[in-house]
Amino acid sequence: MEDCIFCKIINGEIPCVKVYETEKVLAFDDINPMAPVHVVIIPKEHIPTLMDVTQGKTDVLDAIFLAAQEVARIKGIDKRGFRTIVNCNKEGGQLIFHLHMHVLGGKKLRDVLN
Ligand code: AMP
Ligand code: ZN
């Protein structure tokens, strides 16, 4: 989709530090890391928010969660633990309207979610 930063990363128009890739998803280091490990996982298909995932098209969620497992293994935090976050819409803190999951870890994360 035009003017979508994450679509531009998928197309190679904007560079990224790739962590993991499959046919369906791409994972790369967040440009503004909030933890020692901060990876963003995006579907290659442009889906604006979690609310746009519909019944019968949830395979993208499987792909994202399985990629989170693999990212955790690659980054060496699978056993130590990590957090996954999907921000949705304005009050959820979503800034880029291309569905993505944050994978955070590498330190003891604070309990608060806000
Ligand atoms: P969100 O607030 O959930 O929409 O998160 C968007 C995330 O994308 C933020 O953590 C940004 O730091 C990250 N981000 C924005 N542009 C880039 C980029 N070009 N490469 C990597 N991460 C990015
Ligand atoms: Zn997009």
Give me a comma-separated list of calculated 3J(HN,Hα) values for the stretch 79-87, in order, Karplus coefficients 6.51, -1.76, 1.60 applied at θ = phi - 60°, integers in Hz, x for any Gly or Pro. 8, 5, x, 6, 10, 10, 9, 10, 7
Net length gained if the chain between Lys90 and Arg110 were fully extended (0.36 nm per residue, minus Cα distance): 5.0 nm
Zone residues, the stretch 78-92, relative to Leu61, backbone N less than 20 Å from point 7 Å out along Cα-to-Cβ: 83-92
What's the magnitude of the charge dipole for the stretch 31-114 around its Cα centre, counting Lys and Arg as +1 and Asp and Glu as -1 at the beta-carbon? Answer in Debye, nearest 20. 480 debye
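Greater than 22 Å separation of Cα atoms is the criterion. Which listed pairs, Lys79/Lys107; Lys24/Lys57; Lys8/Lys107; Lys75/Lys107; Lys44/Lys108; Lys8/Lys79, meet it?
The answer is Lys8/Lys107; Lys44/Lys108; Lys8/Lys79.
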Find the eigenvalues of the gyration tensor of the Cα atoms of the chain, then list the square roots of 5 times those eigenvalues as equivalent ellipsoid semi-axes, largest first, in whole angstrom. 21, 16, 15
In whole percents, the bins of 5 Å from zero upward hold the Cα-Cα pairs of the stretch 52-114 as 4, 15, 23, 22, 20, 13, 4, 0
With every protein chain kept in the model, how would you rank His46, His98 by accessible area, 1.4 Å probe, largest at the top? His46, His98
Counting sequence-distant residues (5 or more places) and residues on other chains, those with an amide H built under 5 Å from that of Thr49 are Leu99
With a 1.4 Å probe and all protein chains in place, put Arg73, Arg110 in order of accessible area, largest first. Arg110, Arg73
First compute the accessible area of the chain with a 1.4 Å probe, then give the percent of it belonging to carbon and sulfur atoms. 53 percent
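State in Å² the accessible area per residue of the chain; use a 1.4 Å probe, count heavy atoms of protein chains only, and round to the nearest integer. Don't skip to the answer; put the middle values down first.
Values: 7410 Å² over 114 residues.
With the other protein chains kept in place, the chain gives 65 Å² per residue.
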Rounded to the nearest 0.05, FRET efficiency between Leu50 and Lys79 (Cβ-Cβ, R0 25 Å) equals 0.35
At 1.4 Å probe size, put Thr54, Thr49, Thr22 in order of accessible surface, largest to smallest. Thr54, Thr22, Thr49
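The values are calculated or read from the model by the stated rules, or taken from the named source; none is laboratory data. Since the structure is predicted, the reported quantities are computational estimates derived from the model, not experimental observations. Cβ coordinates were reconstructed from backbone atoms using ideal geometry, including for glycine residues, and neighbour counts include every protein chain displayed. Side chains are part of the model used for accessible areas, which takes the heavy atoms of the whole protein and leaves out ligands, DNA and RNA. Shrake-Rupley method; radii C 1.70, N 1.55, O 1.52, S 1.80 Å.
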